[in-house]
Amino acid sequence: MSVNYVSLGDSTAVGVGAAQGGGYPDRLASRLRQGGLPVGHTNLGQSGARVRDVVNNALKRVVALQPTLITLGVGTNDIWRGTEVAEFQDDLDRIARRLKQTGASMVVVNIADMALAPVARMVPSTLYEGRIGPFNESIATVARTHGLHLVDLFTASREMIPRRPDFFCSDGFHPSAAGYDEWADLMLPVVRTLVQR
């Protein structure tokens, strides 16, 4: 059975920070292919994207592609740019409701612990402190409501990042190739189970 995979998200979906190999979605697709699955992958990630950008720029395109697998990772830019949590959750709910109608398996990843990023030491902590938790709660609520499969990057990042000093690229914000590899490896068991059903 072939997999028609569409990925949605921000610069981490695009792969900003990795010299080659793309972001976590491209690496995830590659791992599925290495496991013997025929996978077609359309990456609709957009650097700098907030959840509203996914609604405005990608939603109709995803539906037209008739995916069997969708991944979504968004929220970091919403935190940095001051999106209200309620507004974020409303938009995420809208995305989930629309994409569930495609019948595709849908995996959503929450927000990593940005306080561990080197850049966090160079910006006011008010930009992220006390905001990651409420945003991740919104993601979990939408996932539960719509039966989406949630990958807990936040908890995993607290183990990954201290263990991998090379997790971030030179900008101290985006993952490096090694960081994206860790991210893809985290998502792989969940995604593999879904596509092999």
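Computed from the coordinates by the stated procedures, all read-outs in this text should not be read as laboratory data. Fair warning: this is a prediction, and the values are worked out from it, not measured in the lab. Cβ coordinates were reconstructed from backbone atoms using ideal geometry, including for glycine residues, and neighbour counts include every protein chain displayed.
Here are some notes:
- On full extension, the segment bounded by His149 and Asn56 gains 31.2 nm, given 0.36 nm per residue less the C-alpha separation.
- Relative frequency of Cα-Cα separations exceeding 15 Å in region 124-184, percent: 61
- Cβ-Cβ FRET estimate between Ser125 and Arg98, R0 fixed at 45 Å, reported to 0.05: 0.80
- Take the Kirkwood radius over Cα pairs of the chain, plug it into Stokes-Einstein at 25 °C and 0.890 mPa s, and you get 147 µm²/s for translational diffusion.
- Averaged over residues, the count of other Cβ atoms within 10 Å places the peptides 146-155, 82-91, 176-185 in the sequence 176-185, 146-155, 82-91, highest first.
- Label-to-label distance, nm, for residues given as Arg81 and Val190 (7 Å Cα→Cβ offset): 2.4
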